[in-house]
Amino acid sequence: MSKGSAIISILIAFVAGLTIGSLVTSDRGGDEPVTTINPEASPSAPAAAAELGENPAAEGDTVRLRAEVPENAPQRGPDDALVTIVMWSDYQCPFCSRVEPTVTQIVNEHPNDVRVVWRDNPLPFHQN
């Protein structure tokens, strides 16, 4: 096979793949209407907040939920931070460690607004 016909074969295969892919995915979605979920318009949003032990916000206010964090859990940031990130992680997990630079950046950029709490979630395949 010559170099020119190999290039043409690759281009034909590429175009055929695009055509088949667009035919397969074009049928998805259909004519169903898109539903938008708005928690402020939902009558169950305050009830859900109350179930979690939080006072429902007045109409038009932002609903804030609070997750209780053990006092002995390692943390970084102020206790009264606007945002608390609870990280369930294994200290030996190489994939869990990939998030550390991002979390450090968030805490450094928002030192008074973010608290990070670490929770140990040991993976079963680690021996210690």
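Only the coordinates and a few stated rules stand behind these numbers; no lab work does. In this text, all values refer to a predicted model and were calculated from it rather than measured experimentally. No Cβ is skipped: glycine too gets one built from the backbone with ideal geometry, and neighbour counts run over all protein chains shown.
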Let me know the shape class of the stretch 64-106, please: from the alpha-carbon gyration tensor, a ≥ b ≥ c as square roots of the eigenvalues, rounded when a/c is under 1.5, otherwise prolate if a/b is greater than b/c, or oblate.
-> prolate
Return the FRET efficiency for the residue pair E109, T62: r is the Cβ-Cβ distance, R0 is 25 Å, and the value is rounded to the nearest 0.05.
-> 0.70
Interchain or sequence-distant (5+) residues whose placed amide H lies within less than 5 Å of the amide H of I85 are R115, V116, V117
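Quote to one decimal, in nm, the extra length available between A16 and V83 on full extension: 0.36 nm per residue of separation minus the C-alpha distance between them.
Working: separation 67, 0.36 × 67 = 24.12 nm, distance 4.92 nm.
Gain on extension, A16 to V83, equals 19.2 nm.
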